[in-house]
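Reading through the structure tokens given below for one structure.
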Amino acid sequence: MLLLGYTYVGYPLLLLLLQPVSGDRTEPHDGGHFPSVTMVVAVHNEASIIAEKVQNCRGIQYPGEFTCLFVSDSTDGTDSVLESETDGQISLLTLPERRGKSYALNRAMEQVDSDVVIFSDANTMYEPSAVSELVAPLADDRIGCVTGKLELRTLDGTSGEGLYWQYELSLRRLEQSLGTTVSVNGGVLAIRADEFEPLPEGVLVDDLVIALRQLRRGRNVQYQESAIATERTPSGIDDEFTRRVRIGAGNYQVLWRLAGTLFPSRALPAIQFLSHKVLRWLGPWMLTSILLSSLLLALLEPSVPTFAIVGTQVIGYAFALIGMKSRVARSLPVFRIPAYFVSMNVALALGCFHSSVAPTTGFGR
């Protein structure tokens, strides 16, 4: 129980306590760094939004050389739209078969000859200044990659930034004030092109692998809050669940198979990785062990405190179930927060199963 409490409460408090000791280690950047940039966008069957993404790329305001490379294994007409848009700024690499996002990115990087590469997604729309803001920190050799601020929008255009996402962004700010973060967004991520290493084929969380490789080398990962992009996200817990299972599978994939080669080489990023990532991935098993041990204790030593511990958990899970099943109840924080927390941990558990049984299939990557 203490470990679970540390994961979600103790770690943020630790970051807060370290602020006055460390000072703000975020380095200022004058914005005069304009290397050549290629934005790589791996797409699969994005016909409904690909034209909007192309126009978003054309609207980028960047003083240096900027191009967009779309790599596609689509079958729904996406390629036809892209072919009609190709010119000196927009290019298309088509793949004959679908072999996952990591394979697509590896193939795309064979075509990149710019100084910096930005990885993006078809549904991630950049503010005009975002590329300049994203690239600027790379003038500092101590920084290995840069991630921007992703603002979530639901499909109807309203803000999708719930309490959990605000919590996550706050963690990134606190981590960044100490010099580095360990959490990145694959839709708004920049690295030096010559430092890209081919991704293991079938990897599901390519962005995390890219960031951890830089931390392993002793470089920092910068959260650049002024580099803003927006992304459409499912509006409900049910719609979000499948995406969370895929992310969970990718997280466990990193934990089981790649952690030995990707674990950060310095103390601070290592603590951040364990606290922000690994312990959270173990959340389902912590919750299960807490519930089972509480039930066992209540059976062996019946008392008001032991029954209260069990009762509190039962009420919490009941509120979560109500929040999952009722849209009306979900509008209330008392139901929405438990529902999101429990569904996120169930998705992690299912992701763990998939990473063990079917590690690279069924997730559209």
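Taking the chain as a whole, which cysteines find no other cysteine Cβ under 4.7 angstrom from their Cβ?
145, 352 - these cysteines have no disulfide-compatible partner (Cβ-Cβ under 4.7 Å) in the chain.
Assigning unit charges at the beta carbon (Lys, Arg +1; Asp, Glu -1) and nothing else, what dipole magnitude in debye, to the nearest 20, does the chain show about its Cα centre? Before the final figure, lay out the partial values.
Details: 30 positive and 38 negative charges, 308 e Å.
Computed about the Cα centre, the dipole is about 1480 debye.
Could you tell me the largest-minus-smallest coordinate of the C-alpha atoms of region 22-233 on each of the three principal axes, in descending order and whole angstroms?
Sorted from largest, the Cα extents of region 22-233 read 53, 39, 35 Å.
For region 290-348 and region 104-146, what is the centre-to-centre distance using only Cα atoms, to the nearest Å?
Their Cα centres are 42 Å away from one another.
Rounded to the nearest 0.05, what FRET efficiency is calculated for residue 165 and residue 304 with R0 set to 30 Å and r the Cβ-Cβ distance?
Calculated value: 0.20.
Ignoring the sites themselves, what is the longest stretch of the chain with no GluC sites (Glu not before Pro) in a DSSP loop and at most 15 other beta-carbon atoms within 10 Å?
202-365
222 nm [θ] for the chain, helices only, -39500 (n - 2.57) per DSSP H run of 4+, per residue, to 500?
Roughly -14000 deg cm²/dmol at 222 nm, from the helical runs in the chain.
Would you kindly derive the ³J(HN,Hα) couplings of region 182-198 from the backbone phi angles with the Karplus curve 6.51 cos²θ - 1.76 cosθ + 1.60 (θ = phi - 60°), listing them in order in whole Hz, with x for Gly and Pro?
Taking θ as phi minus 60°, the curve returns 10, 10, 10, 10, x, x, 8, 9, 10, 9, 5, 4, 6, 9, 6, 10, x Hz for region 182-198.
Give the order of 342, 9 when sorted by the count of other beta carbons within 10 angstrom, beginning with the fewest.
9, 342
Given N residues in region 1-147, what is its alpha carbon radius of gyration divided by 2.2 N^0.38 Å? Don't jump to the answer; show the numbers that get you there.
Numbers: Rg = 19.2 Å, N = 147, 2.2 N^0.38 = 14.7 Å.
Region 1-147 yields a ratio of 1.31.
Along Cα→Cβ, 7 Å out, is where each label goes; now give me the distance between the ones at residue 267 and residue 14 in nm to one decimal.
Each label point is offset 7 Å from its Cα along the Cβ direction, giving 1.2 nm.
Given Cβ point charges of +1 (Lys, Arg) and -1 (Asp, Glu) and nothing else, what value in debye, to the nearest 20, does the dipole of region 237-365 about its Cα centre take?
Roughly 460 debye for region 237-365.
How would region 237-365 be classified by its alpha-carbon gyration tensor: rounded, prolate or oblate, with rounded meaning a/c under 1.5 and the a/b versus b/c comparison settling the rest?
Taking the square roots of the gyration eigenvalues as a ≥ b ≥ c, region 237-365 is oblate.
For the chain, just say rounded, prolate or oblate: build the C-alpha gyration tensor, square-root its eigenvalues into a ≥ b ≥ c, call rounded for a/c under 1.5, and beyond that prolate if a/b exceeds b/c, oblate if not.
prolate
Which ³J(HN,Hα) values in Hz, rounded to whole numbers, follow from the phi angles of region 36-45 under the Karplus curve 6.51 cos²θ - 1.76 cosθ + 1.60, where θ = phi - 60° and Gly and Pro get x?
So the Karplus estimates, Gly and Pro as x, are 5, 10, 10, 8, 9, 10, 7, 10, 9, 6 Hz.
Please compute the contact order of the chain in relative form: average sequence separation of alpha-carbon pairs under 8 Å and at least six residues apart, divided by the residue count, as a percent.
19
Cα gyration tensor of region 281-347, axes a ≥ b ≥ c as square roots of the eigenvalues: rounded (a/c below 1.5), prolate (a/b > b/c) or oblate?
oblate
For residue 112, which sequence-distant residues (separation of 5 or more, or a different chain) have an amide H within less than 5 Å of its own amide H, given hydrogens modelled in the peptide plane?
Long-range HN contacts for residue 112: none found.
With a cut-off of 8 Å between alpha carbons and a minimum separation of six or more residues, what is the relative contact order of region 237-365 in percent?
For region 237-365, the relative contact order is 43 percent.
Tabulate in residue order the Karplus-calculated ³J(HN,Hα) for region 206-214, using 6.51 cos²θ - 1.76 cosθ + 1.60 with θ = phi - 60°, rounded to whole Hz; enter x for Gly and Pro.
Running phi through 6.51 cos²θ - 1.76 cosθ + 1.60 with θ = phi - 60° gives 4, 5, 5, 4, 4, 5, 5, 5, 5 Hz.
Run the reach check for residue 53 against lysines, Cα to Cα strictly under 24 Å, same-chain hits fewer than 8 apart removed. What comes back?
101, 149
Here, each number is a calculation from the coordinates, and none is a lab measurement. As the structure is a prediction and not an experimental result, all values here were calculated from the model. Heads up, the Cβs are rebuilt from the backbone with ideal geometry, glycines too, and the neighbour counts pull from every protein chain shown.
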